[in-house]
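In what follows, a structure is listed as structure tokens, so that the remarks can point back to it.
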Amino acid sequence: MSNFYCFGPSKPPTQMSNNEMVAWNQHLQTPVLFNHHEPYEVNSSTIQRIDLNPIQSTSRAVSNRERVLLLTPLRDAAPYLMKYFDLIYELTYPHDLIDLAFLVGDSTDDTLAVLSSEVNRIQQRTDKIPFRSVTIVEKDFGETGGMDVESRHGFAAQGPRRKAMGRARNYLLYAALKPEHSWVYWRDVDIVDSPKKIIEDFVAHDRDILVPNIWFHRYENNRDIEGRFDYNSWVESDKGRRLSNSLDKNVVLAEGYKEYDTGRTYMARMGDWRNNKDEEIELDGIGGVNILVKADVHRSGINFPCYAFENQAETEGFAKMAKRAGYKVYGLPNYVVWHIDTQEKPGNAA
């Protein structure tokens, strides 16, 4: 036999007074479900969900455990790879948050073998945590032109060369960028010195796109000449705008050459590594030696044009495209990264 206990007045609701009805109902809340649906389960292994909402690029990248994708395109780069890996191994940004990716294309030397050996060397070292992952992409574009310094950096080669470099960067980017990446760090193979905290220093600025000044050391008569290397980071001028408006849309402008006088202000001619390294200037064009980019800039379709975009290609076209889309491009004139001395002949920079 079951016993039931009822609480409240011993009368039906129809016989309750108003006060009794209020007292009876004041602690009751009847749940109401509007348009209730049962959860839908997806168990197919062919369906994947990617949530990009939590992925952020902030000035507190280390404490937020933000992933960095470090990208380096390579061609005939075997002589530079040992120094390259020695430098990136010294980066103080947590290595377990850094993914490395390389594109090897159109090489005539032993770049692929040396790269594989160097990757194996640093990933097996025990004094630091290894990098999270390493990806090697192989893609030839049929670029067979001479790669000696004079031909590579001559004016006639700049249009085709910059377009080819833009294509290589894009192939590498789209092969390596993953949903979990917050930052993309482009770094050339022929850097000879850079601060160990460069990633932390750069993310602290919280800029969409940020580049340092690129100089080089040249030793003559026992004297260190601090040369200015990268004239692709610049501020646009009225003369440059008028020149662009007068040119065919397929012409690619190249800085540092006498063929076109753009009147632009070059960041390479500014700054001093002894001064405040956090000083910023806004740029209209950038070089590609060292670039930190918020990954969402690339995800939004801003890449390295392998064609003339506003009469620029590759990294300078990238900056133009980013600014057209509303992103900000900045440089640090007093923050110097040192490039190998390529012994180039002077152009507009003379």
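One table, with the values for the structure above:
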read-out	value
All positions within the stretch 62-90 that are touching a strand residue (DSSP E or B) at 6+ places or on another chain (Cβ under 7 Å) and assigned to a loop (DSSP other than H, G, I, E, B)	GLU66
Filter result for GLU310 (within 20 Å of the chain's Cα centre (by Cα) and either at pLDDT 95 or above or farther than 30 Å from LEU91 by Cα (or both))	no
Pair list, Cβ under 8 Å, 6 or more apart: the stretch 90-112 residue over 13 Å from VAL134 (Cβ atoms), other residue of a type in the set (S, T, N, Q) and not in a strand (DSSP E or B)	ASP106/THR144
Looking only at the stretch 175-231, and only at residues there that are out of contact with any strand residue (DSSP E or B) (no Cβ under 8 Å at 6 or more places or on another chain) and among the acidic types (Asp, Glu), the one that is farthest from THR72 (Cα to Cα)	GLU220
Residue selected from the stretch 303-334 under the condition surrounded by 23 or more Cβ atoms within 10 Å (Cβ to Cβ) and of a type in the set (A, V, I, L, M), by the criterion nearest to ASP272 (Cα to Cα)	LEU332
Selection status of GLU279, farther than 28 Å from ALA156 by Cα, among the acidic types (Asp, Glu), under 24 Å from the mean Cα position of the chain (by Cα) and part of a loop (DSSP other than H, G, I, E, B)	yes
Residues satisfying the stated conditions in the stretch 98-118, i.e. under 17 Å from ALA176 (Cβ atoms) and surrounded by 19 or more Cβ atoms within 10 Å (Cβ to Cβ)	ILE98, ASP99, LEU100, ALA101, PHE102, LEU103, VAL104, GLY105, LEU115
Qualifying residue in the stretch 54-68 (condition: under 24 Å from the mean Cα position of the chain (by Cα), touching a residue at least 60 places away in the same chain (Cβ under 8 Å), under 26 Å from ASP296 (Cβ atoms) and exposed (fewer than 10 other Cβ atoms within 10 Å of the Cβ))	no
Selection status of ARG269, at pLDDT 95 or above, farther than 30 Å from ALA61 by Cα and not aliphatic (A, V, I, L, M)	yes
Residue, nearest to MET321 (Cα to Cα), within the stretch 181-218, restricted to residues that are in a strand (DSSP E or B) and among the aliphatic types (A, V, I, L, M)	ILE209
Where a residue in the stretch 195-208 is under 11 Å from THR58 (Cα atoms) and its partner, wherever it lies, is basic (Lys, Arg), with Cβ under 7 Å and at least six apart	ARG207/LYS328; ASP208/LYS294; ASP208/LYS328
Test: LEU115 is of a type outside the set (Phe, Trp, Tyr), touching a residue at least 12 places away in the same chain (Cβ under 8 Å), touching a His at 6+ places or on another chain (Cβ under 6 Å) and not in a loop (DSSP other than H, G, I, E, B)	no
Those residues of the stretch 227-252 which are over 20 Å from VAL329 (Cβ atoms), within 27 Å of the chain's Cα centre (by Cα) and either at pLDDT 95 or above or in a loop (DSSP other than H, G, I, E, B) (or both), in sequence order	ASN250, VAL251
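Residues are listed down the side, and each one gets a yes or a no for (1) at pLDDT 95 or above; (2) under 54 Å from the mean Cα position of the chain (by Cα); (3) of a type in the set (Phe, Trp, Tyr):
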{"position": "VAL22", "(1), (2), (3)": "no, no, no"}
{"position": "PRO31", "(1), (2), (3)": "no, yes, no"}
{"position": "PHE34", "(1), (2), (3)": "no, yes, yes"}
{"position": "PRO39", "(1), (2), (3)": "no, yes, no"}
{"position": "ASN43", "(1), (2), (3)": "no, yes, no"}
{"position": "ALA78", "(1), (2), (3)": "yes, yes, no"}
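The values are calculated or read from the model by the stated rules, or taken from the named source; none is laboratory data. From a predicted model like this one, the values you see are computed outputs, not experimental measurements. Because the Cβ atoms are built from the backbone with ideal geometry, glycine has one as well, and the counts that use them run over all protein chains shown.
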